1. The range 65-126: which GluC sites (Glu not before Pro) are DSSP loop and have at most 13 other beta-carbon atoms within 10 angstrom?
2. Please sort by residue number the chymotrypsin sites (Phe, Trp or Tyr not before Pro) in the range 149-200 whose DSSP state is loop and whose Cβ has at most 16 other Cβ atoms within 10 Å.
3. Over the residues of the chain, compute the C-alpha Rg and express it relative to 2.2 N^0.38 Å.
4. Which aspartates and glutamates, on any chain, are close to K244 with Cα under 17 Å apart, when same-chain ones fewer than 8 places away are left out?
5. Given axes a ≥ b ≥ c from the Cα gyration tensor, I'd like to know whether the range 80-181 is rounded (a/c under 1.5), prolate (a/b larger than b/c) or oblate.
6. For the chain, what is the charge dipole size about the Cα centre, in debye to the nearest 20, if Lys and Arg each add +1 at the Cβ and Asp and Glu each add -1 at the Cβ?
7. Multiply the residue gap between S99 and V229 by 0.36 nm, knock off their C-alpha separation, and tell me the result in nm, one decimal place.
8. For a quick check of your reading of the filter: which trypsin sites (Lys or Arg not before Pro) in the range 229-275 sit in a DSSP loop and have no more than 14 other Cβ atoms within 10 Å?
Amino acid sequence: MISKKIVISSALFIVIVFSFCFFMFRIPGKSYHGPVPPLTDEQMVLREQLRKDVAKLAGEIGDRNVNTEYENLCKASDFIEESFVKAGYKVSLQGYEVSQYGLEGRECYNLEVEITGSEKPDEIVVIGAHYDSLEGTPGANDNGSGVAALLALARAFVDNQPVRTLRFVAFVNEEPPYFLSDDMGSFVYARRCRERNENIVAMLSLETIGYYTDEERSQNYPSGLIGLVFSTTGNFISFVSNIKSRKLLRDVTGFFREYAKFPSEAACLPEQIAGVAWSDQWSFWRNGYPGIMVTDTAPFRYPYYHTHEDTPDKINYDRFAYLVDMLEKVVARLTESN
């Protein structure tokens, strides 16, 4: 006969699990189910620009990192700077030296452009993506897709006048061996923001966002509990935050679902779960700022993640273009006054 203590313990465990799910996954709106709409003429133009930028980064330039392909890393930085300038921005460079791992002090750069807010210039929204690739990989999806989206969004907002200040930042040195260290470009940037006492109210990290498939069971997860809640088909965009950034997560996901006919999942999770902190939003968390990662979930879906096969032809440019167009609407909402 089952003891009363076991029954109570089992009931308590169930309550805890369901409470956890409710707290972590309670997000405004519902994920869209159905085909993504055909691209408009404007979205088709965007698609070709995204394709061109990914091809430049991962095809023409290729492997770009400070250790073995420093010249290519500098070429990528130059390309991003030229793209910002061509769009109509003045670019600010934040340089710093990397001297560890046997290197003799190589200069690396974060690149920032800014549109000052009209009414609340001290409230800052940061949209960021890293432009380096893992040693030995061309990095088309990781993270040529994020950089291409960053440039597209910057072009879209250049003539706008947001209520809040809007920054677009390309970060260096996200990949190992600098990953989750003080030498990550985003950490150097976020630490400077904190030292200046800047009020960053939202940070979106665009991380590996170009791969989608309707194949069943194409989506994996780092935790069995998460896999019970979310889709097992890898056709959605994911919004991920830590616990402290849950309000930003709810806002961004809610905005996205207002506009987008595109599958989406969102989760507010402890940073200790694999994948949750695996991009530049981590640097902003460490410096006390709210941030979320926008991602196709990278290694949990993308079979070419961190391999030499991460090439431009692997990206689904139709869905990528539609996604970026919807993210433009999200960014516009974030820069409004709350």
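1. On the way: sites: E69, E71, E81, E82, E97, E104, E107, E112, E114, E119, E123; in loops: E104, E119.
Listed in order of number, the matching sites are E104, E119.
2. Numbers: sites: F157, F168, F171, Y178, F179, F187, Y189; in loops: Y178, F179.
For chymotrypsin sites (Phe, Trp or Tyr not before Pro) across the range 149-200 that sit outside H, G, I, E and B with at most 16 neighbouring Cβ atoms in 10 Å, the list reads F179.
3. Details: Rg = 20.0 Å, N = 338, 2.2 N^0.38 = 20.1 Å.
Against the compact-globule rule of thumb, the ratio is 0.99.
4. Cα-Cα hits under 17 Å: E271, D280.
5. Details: a/c = 2.30, a/b = 1.79, b/c = 1.28.
Because a/c hits 1.5 or more and a/b exceeds b/c, the range 80-181 counts as prolate.
6. About 1700 debye.
7. Numbers: separation 130, 0.36 × 130 = 46.80 nm, distance 4.41 nm.
The S99-V229 span can extend by a further 42.4 nm.
8. Hits after loop and neighbour filter: K261.
Any read-out appearing in this document is the output of simple, stated calculations on the displayed coordinates, not a laboratory observation. Please read all numbers here as calculations on a predicted model, not as lab measurements. Neighbour counts run over all protein chains shown; Cβ positions are idealised from the backbone, glycine included.
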